Amino acid sequence: MSARFIIKGGKKIAGTIDVRGSKNAALPIIAATVLTEEPCRISNVPRVLDVERMLSILERMGGVIKREGNHAVTIQNKNLDIEALKSDTVKQLRASILFLGPLLTRFGKVTMRYPGGCKIGARSIDTHLTALRDLGGHVRLGRKYFSVEFPEGTSPPSALTLKEFSVTATENVMMFLSSIPRTTCLKIAASEPHIQDLAKFLSKMGARIRGAGTSNVAIKGVRTLSGASHRIVSDYIEAGTFLLLALGTRGNVRIKNAPISQLDLVLKTLIANGARINLNERESVIETRGGIEDRDFTKIQILPYPGIPTDLQSAFGVLAAQTKGATLIHEPLYENRFHALKELTKMGARVKILDPHRALVYGPSKLKGVNGITIQDLRGGAALVIAALIARGTTILYNAKEVERGYEDIVGRLRALGADIEKV
Ligand code: EPU
């Protein structure tokens, strides 16, 4: 049987919680280390399943990984054998696609297994492949594997427009272009904080990147990138998750290492709706004092950064179930990300899924504990953990491992806040 969380809800949530390094920054930065044969030291790496899987794929390729304590690694990729990209592990992790761009600069041709299936929408790797094709790459699609090749002498164009604001496609292209010794303009680039962090790392390696964090990025590559040392940025999605957890449970929580300026619209939306929050930007601390007033949100509009992130959509849904009136949740990005809201109805929430991209949540609802909540995806799982902490009675959530893909030691850290949660 899959691992379960058993949560007794209704306990007082209070205390301090530390935000760890960003998973979605660590993943591309680990991939970027293959751009050089020199050692790279990365600190503030979150100890989560997705990061462990990414490191293990690299190790299978011949990367040498030395760990220092729980959160730092030194990686050196001298002799790599990319046959390992045909293994099953690649299939388990969607982010394994991030190896493609940087490895192409080293090998010219990469054949790999299709990366992991996606439970939250029909995400394909099409944006990545179209971009590489537009840069002059030859793409071949097989049943189990696909390959991309840049024949000797390919001269990529000086400007590239992505098909959509794709986060990992932006990262793949930025890594690829960092080794091309000329300036390329990337348009329709995604601008999430993890992309900005990757750009910082690539700059330390020797590339010159301007405009990261906007939709127009200029990348001046160099033929030989060098090793670099980097501290991963704090995870704004983790900070946002803890914030919504604290407000939902009406807790008094001090969230440390919170990247406040990356949560502008999240904070504005919450504060405008009566959330009692103190912000200390200088010390990167967010404090909550007892929840959110009974006002309704009316609408939660999900958008690429700097909009309200899709990765917080399900948790906002849980909070909307605690506030008065109807909240429209508009999720334009994924077409299968309302699973958590559906599960929430088992706990007593009133939710109407209007279509794959819009849901109405009516509140306030008194949530009750239920044995038999299924976690489908990482962020939906975190939202359901929040719901179970709010609910009266015991909730048993199945497929707990999903949450561990992205939240380090979630059980220990929530217990330290007073939560009654265990994993069995
Ligand atoms: N999309 C659009 N229009 C756009 C941009 C995206 O419709 O302009 C759609 C895409 O078609 C896709 C979805 O939105 O269905 C996400 O697209 P994207 O390519 O940006 O996603 P990704 O790069 O595969 C990363 C994160 C996800 C996060 C998304 C969106 C990593 C490793 N993964 O995925 O994180 O949800 O960006 O912000 O960075 C997670 O951490 O749990 C997670 C799923």
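A short reminder: the numbers here are calculations on the coordinates, not readings from a lab. This structure is a prediction, so every number in the text was calculated from the model and none was measured. Please note: Cβ atoms are built from the backbone with ideal geometry, for glycine as well, and neighbour counts cover all protein chains shown.
Annotations
- 3J(HN,Hα) along the stretch 262-274, derived from phi through the Karplus expression 6.51 cos²θ - 1.76 cosθ + 1.60 where θ = phi - 60°, amounts to 8, 10, 3, 6, 4, 5, 4, 4, 5, 5, 4, 9, x Hz, with x in place of Gly and Pro.
- Cross-link table K86/K109; K8/K366; K352/K401, entries beyond 19 Å C-alpha to C-alpha: K352/K401
- Unit Cα scatterers, Debye sum, the stretch 1-95: log10 I(q)/I(0) for q = 0.12, 0.15, 0.19 Å⁻¹: -0.48, -0.67, -0.92
- For A416, no residue whose modelled amide H falls within less than 5 Å of its own remains once neighbours fewer than 5 places apart on the same chain are excluded.
- Karplus (6.51, -1.76, 1.60) ³J(HN,Hα), θ = phi - 60°, over the stretch 356-369, in Hz, Gly and Pro reported as x: x, 10, 9, 9, 10, 10, 9, x, x, 10, 8, 7, 10, x
- Per-pair calculated FRET efficiency, R0 = 35 Å: A3 and Q301 via Cβ, rounded to 0.05: 0.55
- Using bins of 10 Å that start at zero, the share of Cα-Cα pairs per bin across the stretch 26-170 amounts to 11, 41, 35, 12, 0, in whole %.
- Expected 222 nm ellipticity per residue - DSSP helices of 4 or more, -39500 (n - 2.57), all of the chain, to 500: -9000 deg cm²/dmol
- Net charge of neighbours whose Cβ lies under 9 Å from the Cβ of P28, counting Lys and Arg as +1 and Asp and Glu as -1: -2
- Using 0.36 nm per residue and subtracting the Cα-Cα separation, the extra length available between D81 and T224 on full extension is 49.5 nm.
- Cross-link reach is defined here as a Cα-Cα straight distance under 18 Å, omitting same-chain residues fewer than 8 places apart; for K342 the aspartates and glutamates meeting it are D311, E331, D355, D377, E402.
- Gain in span if fully extended, T89 to R282, counting 0.36 nm per residue against the direct Cα distance: 65.3 nm
- Cα-centre dipole for the stretch 197-293 with unit charges at Cβ (Lys and Arg positive, Asp and Glu negative), debye to 20: 440
- Remark: C-alpha extents of the chain on the principal axes read 65, 46, 42 Å, sorted largest to smallest.
- For the stretch 317-322, 3J(HN,Hα) per residue [Karplus equation, 6.51 cos²θ - 1.76 cosθ + 1.60, θ = phi - 60°, Hz, x = Gly/Pro]: x, 5, 5, 4, 5, 9
- Built from the Cα atoms of the stretch 171-312, the convex hull projects on average onto 9.1 nm², one quarter of its surface area.
- All aspartates and glutamates inside 12 Å of K163 as judged from Cα atoms, apart from same-chain residues fewer than 8 positions distant: D126, D134
- Spin-label model, R208/R47: points 7 Å from Cα along the beta carbon direction are separated by 4.2 nm.
- Proximal aspartates and glutamates relative to K78, as straight alpha-carbon distance under 12 Å, when same-chain residues fewer than 8 apart are discounted: E37, E38, E59
- Ordering A189, N399, T89 by the projection of their Cα atoms onto the charge dipole of the chain, which places +1 on the Cβ of Lys and Arg and -1 on the Cβ of Asp and Glu, puts N399 at the extreme positive end.
- Summary of the geometry: the stretch 333-398 and the stretch 245-307, compared by the centres of their Cα atoms, lie 20 Å apart.
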